[in-house]
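These notes concern the structure reproduced below.
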Amino acid sequence: MTALDTCSPQKLEEWAQKLKVCGHPVRLKILCLIEHESTCVSDLYQCLEQPQPVISQHLAVLKEKGVVDSLVVGNRRLYSIQDPMVRQMVRDFLQSASRP
């Protein structure tokens, strides 16, 4: 299998859309916050100092593209990164950002 086989136009378009969605500054911050543990909207909007509807809209976009998923626990909806490639990308970003 060659690089051209794994980089089909369909796969490239799929990854380009995911990267575009993750590239928004607020969404990237959300992903960084939920990388370590599942987090609910109220925790996110307090940390990011953004209105709750703004955070909910960004989470909806991330969920629509399959980047995050949610789980209802009691009266809270907890969000986590679903996509393995995005999860690894965020981990790499956080690790490189923590280096001096």
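Just so it is clear, none of the values below were taken in a lab; they were calculated from the coordinates. If you're wondering where the values come from, they're calculated on a predicted model, not measured in any experiment. Neighbour counts are summed over all protein chains in view; Cβ atoms, including those assigned to glycine, are modelled from backbone coordinates with ideal geometry.
Brief remarks on what is shown
- Diffusion coefficient, µm² s⁻¹, Stokes-Einstein with Kirkwood Rh over alpha-carbon pairs of region 17-98 at 4 °C and 1.567 mPa s: 103
- Ranking Pro51, Ile30, Met85 by how far each Cα lies toward the positive end of the dipole of the chain (charges on Cβ) leaves Pro51 at the top.
- Approximating the spin labels as points 7 Å out from Cα along Cα→Cβ, the Gln57-to-Ala16 distance works out to 2.6 nm.
- Residues whose amide H comes within less than 5 Å of that of Arg77, counting only those at least five positions distant or on another chain, are Val41 (H built at 1.01 Å from N in the peptide plane).
- With the helix formula -39500 (n - 2.57) applied to DSSP H stretches of n ≥ 4, the chain reaches a computed 222 nm mean residue ellipticity of -19000 deg cm²/dmol.
- Cα-based reach from Lys29 at 16 Å (exclusive), listing lysines while leaving out same-chain residues under 8 positions away: Lys18, Lys20, Lys63
- For the chain, the Cβ-based charge dipole about the Cα centre amounts to some 100 debye (Lys, Arg positive; Asp, Glu negative; other atoms uncharged).
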